[in-house]
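Colleague: Sharing a structure with you now.
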Amino acid sequence: MAITFFFYLFSLAAIASAMLVITARNPVHSVLFLILCFFNAAGLFVLLGAEFLAMILVVVYVGAVAVLFLFVVMMLDVDFVELREGFLDYLPIGGVIGLILLVEMILLVGTWTIAPDLIAHTSTPTIGDISNTQAIGQVLYTKYVFFFQMAGLILLVAMIGAIVLTMRHKPNLKRQVIADQVARGPATAVEIKNVKSGEGLQ
């Protein structure tokens, strides 16, 4: 009974916060509602016994991605009033796309059924004294270690590409040169001036 109560609680809160993400006028409020949606989804994962996915959702998405969105939105100081000026121009196209998606969702929900023998073909969970986090680690770093390393390499290349594309070299910008800092000595680092009496107070 308690599991059912918490399931509906987390589900309704996740749906409500997801709707508020796209309906909130303030982008900062949208990010905060997104964080709330992630927490509720993590609660659903805990109810399913997938505590590893819940931890990843909180640590990675809430602790990094959503907070990064929040800081970017707050620091960029984007004029959202100017961005909303052309909203009505794109309203017909957006309405057609939204209507297509609505029809697809209705067809999906209306025709979705569970095969009677589906449970028989599903893989059985790992039985033993280990947790599902340890079981995922054993499979991930043994059978799928090549795909895991390739995914990390692709993300590294994407990160380097994003840095290279967004980096701008300004002519008057002072940059740190480690070799010049290491080569400095007392003669170039300290300047001694003879200040006469009373001149330092001006």
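The values are calculated or read from the model by the stated rules, or taken from the named source; none is laboratory data. Quick caveat, the model's predicted, so the values are computed rather than measured. Keep in mind that these areas ignore ligands, DNA and RNA; they rest on the heavy atoms of the full protein, side chains included. Shrake-Rupley method; radii C 1.70, N 1.55, O 1.52, S 1.80 Å.
Colleague: Which of the residues that make up region 45-75 are closer than 24 Å to residue 131 by Cα and of a type in the set (Val, Ile, Thr)?
Modeller: 46, 56, 58, 59, 60, 62
Colleague: Just give me the residues in region 3-32 being open to solvent by less than 60 Å² (accessible area, probe 1.4 Å) and assigned to a helix (DSSP H, G or I), in sequence order.
Modeller: 10, 11, 13, 14, 16, 17, 18, 21, 27, 28, 30, 31
Colleague: List the helices (runs of 4 or more DSSP H) inside region 120-202, counting only whole elements, that have at least 1 residues being at pLDDT 75 or above, open to solvent by 100 Å² or more (accessible area, probe 1.4 Å) and not aromatic (Phe, Trp, Tyr).
Modeller: Of the helices (runs of 4 or more DSSP H) lying wholly inside region 120-202, those with at least 1 residues that are at pLDDT 75 or above, open to solvent by 100 Å² or more (accessible area, probe 1.4 Å) and not aromatic (Phe, Trp, Tyr) span 145-166, 178-183, 186-189.
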